[in-house]
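The structure appears below as C-alpha cells.
The values are calculated or read from the model by the stated rules, or taken from the named source; none is laboratory data. Just so it is clear, the model here is predicted, and its values are computed rather than measured. Virtual Cβ from ideal backbone geometry, glycine too; neighbours counted across all protein chains shown. Heads up: the accessible areas ignore ligands, DNA and RNA and are worked out on the full protein's heavy atoms, side chains in. Shrake-Rupley method; radii C 1.70, N 1.55, O 1.52, S 1.80 Å.
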Amino acid sequence: MQTIPRDPALDSSLAFKAEGYRFVANRCERFASDIFETRLLGRRFYCVRGEDAAKMFYTPDRFTRVGALPRSTLVLLQDEGSVATLDAEAHRRRKGMMMSLMTPPRLEAIAAAAGDGLRTAARGWVGRTVTLHEEVRALLCRVVCDWAGVPADEKRLARLTGEIGAMIDNAGTIGPPNWTARVLRRGAERYLRNLVEDVRAGRPMPPAQSALAVIAAHRDGVDGNGGDGGGALLPADIAAVELLNILRPTVAIARFVVFAALALHQHPETRERVAGDDAYMEAFVQEVRRIIPFFPVVAGVARTAFTWREHAFHEGDRFILDLYGTDHDGRIWEDPEAFRPERFLGWTGNAYTMVPQGGGAHHENHRCAGEWLTIAVMKTMVRALARDIVWEVPDQDLSVDLAKLPTLPASGFLVAIQAVR
Ligand code: HEM
C-alpha cells in the first residue's frame, strides 16, 4: 500500500490561489498519486482526482457539503438551508423537487426561449461590437425569470443581473469584493422572498409548473435539515434561496456560451458541422463542458468512516475532488488538452469521468440539478451562434487566466455582429 503523500507546505491556501484550476493536478503529478494530503485555510484536506476517486467521492451518502466550503464561497453559491447543505433523506426529498422542474417539455421551453432570445437580441446588435459575456448574461437572466415565473420589469432585470453576476464572479474571492457581493445577494433574496410570500397569499399566481409555484408550494419538513417530511411549507427565506439556486446558475451558463463561441472562433472547421449536424453539435457542447475551466473542485466532509485503496478514513475527514483535473485526466481522455468534439460522438455517458457539474446519480447525490438544463440551453444558443448569427472577432485579449476562479477570456469576448440570417 502506497502511503498518502503530504504536501510539504505548512498551508497551501496561497498556492491554491496562485495555481487555481491546476492546483490539485499539479500536485497529483508531482507526487505521482491520485491522492495527497494538504492544509488549506488551516485545515487538513485530502485532495483526489480521477475516475476511481470520483466513484469514491460520489458513493451515496458518504460526504456532506456542510462545513466543507469556506463560508465566503458557500454564502455566494448555495447558502445555508439549500439542497446542497442537506444530507440523506432530507436531501433526496428536496432534490426530487428540484429535479421535478427538469422535465423534457420544461427543458425544451427554456432552451427554445434562450435560442430565440439570442437571435432576436442579435438583430438589435447588427453593425455593433458587443461584449458577449455581458449580453448573454443579461439575456439569460430575462429568460430564466420568465421561465421560473418570476415577474421582473426592465429595472428589476438589470438589478437582478447585476446581483447574480456579482455572486458568480466573486464566489472565489475573499474580503471586500466578496462582502459587496453578499450585500447584493441579500437584495435578490429579499425580492424573491417577497414573491414567495405573495404567491402563498394568492397574488399573483405564476404558472403551475414554474419554479416559483413549485418551490413556494413545496413541503419537505419544518427545520430544513432532516425535518419530518410532515408537511410544513419551506420557510420563505429558504424557498427564496432555492429559487435563487435556479436563477443564479442559469445566468452562469453565459460562461459556457462564451467559451463555446470562443471554440467556434478558434476551431473554425467545426462551425459548419455544428450548424448542420445535431449529433456533432451535441458532441461540441459536451467537449466545451469538458475542456473549459469553470467549477474547479467540489469539497465534502466524510459522514462516516470508510476505506479507499486500503486507506482508512474517518468521520469528519475533509476531501476535495478535482473536477477540472478529472475532466483533463490523460488516463481517461486521449490528448486531454486538445479540443476534439469527435470524442463525444457515440459516447454513452460516464458519471465518474465527465464531471464538469459533479458526478454520480443526480437524485442520489449532489450532482448538479441543472445539468440537463445547461446542455439544452447551450445547444440552442450554440446553434444560433454557428448557424444564424454572422459575427467577427476583433483584436482583443482572449487569454484565459487559470488562476482566476471562475475564469473567462480576459476581454469578456468582444464580437462584431454583422447580420442575422
Ligand atoms: C452553468 C453551469 C453549471 C455548472 C458548471 C454547475 C456546476 C455544479 C456543481 C459542480 C455542483 C456541485 C456538485 C457537488 O456538490 O457534488 C452543482 C450543484 C447544483 N447545481 Fe449546478 N451547475 C451549473 C448550472 C446549474 C443550473 C442551470 C442549475 C439550475 C437550473 C443548477 C442547480 C444546481 C443545484 C440546485 C445544485 C445543488 C445540487 C445538490 O446539492 O444536490 N446548476 N452545480
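Structure values in brief
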read-out	value
Residue check, residue 56 over 25 Å from residue 248 (Cα atoms), open to solvent by less than 60 Å² (accessible area, probe 1.4 Å), hydrophobic (A, V, I, L, M, F, W, C) and assigned to a helix (DSSP H, G or I)	yes
Among residues of the stretch 79-97, those that are open to solvent by less than 30 Å² (accessible area, probe 1.4 Å), assigned to a loop (DSSP other than H, G, I, E, B) and either in contact with a strand residue (DSSP E or B) (Cβ under 8 Å, 6 or more places away or on another chain) or within 9 Å of the ligand (Cβ to nearest atom) (or both), counted	2
Hits in the stretch 114-139 (condition: in a helix (DSSP H, G or I) and open to solvent by 40 Å² or more (accessible area, probe 1.4 Å))	116, 119, 120, 123, 124, 134, 135, 138
Filter pass, residue 27 being without any contact (Cβ under 8 Å) to a residue 24 or more places away in the chain and among the basic types (Lys, Arg)	yes
Odd one out for residue 114, checked against (1) over 18 Å from the mean Cα position of the chain (by Cα); (2) more than 23 Å from residue 240 (Cβ to Cβ)	(1)
Some residue of the stretch 402-419 being of a type in the set (Val, Ile, Thr), within 16 Å of the ligand (Cβ to nearest atom), over 22 Å from residue 76 (Cβ atoms) and modelled with pLDDT of 95 or more	no
Test: residue in the stretch 64-78 that is over 29 Å from residue 178 (Cβ atoms), touching a residue at least 40 places away in the same chain (Cβ under 8 Å) and within 11 Å of the ligand (Cβ to nearest atom)	no
Complete set of residues in the stretch 171-200 that are crowded, with 18+ Cβ neighbours inside 10 Å, assigned to a helix (DSSP H, G or I) and either modelled with pLDDT under 90 or in contact with a Cys (Cβ under 6 Å, 6 or more places away or on another chain) (or both)	178, 181, 184, 185
Candidates 331, 340, 290 - the one that is under 30 Å from residue 108 (Cα atoms), more than 16 Å from the ligand (Cβ to nearest atom) and in contact with a helix residue (DSSP H, G or I) (Cβ under 9 Å, 6 or more places away or on another chain)	340
Residues within the stretch 152-170 that are within 29 Å of residue 109 (Cα to Cα), assigned to a loop (DSSP other than H, G, I, E, B) and open to solvent by less than 60 Å² (accessible area, probe 1.4 Å), tallied	1
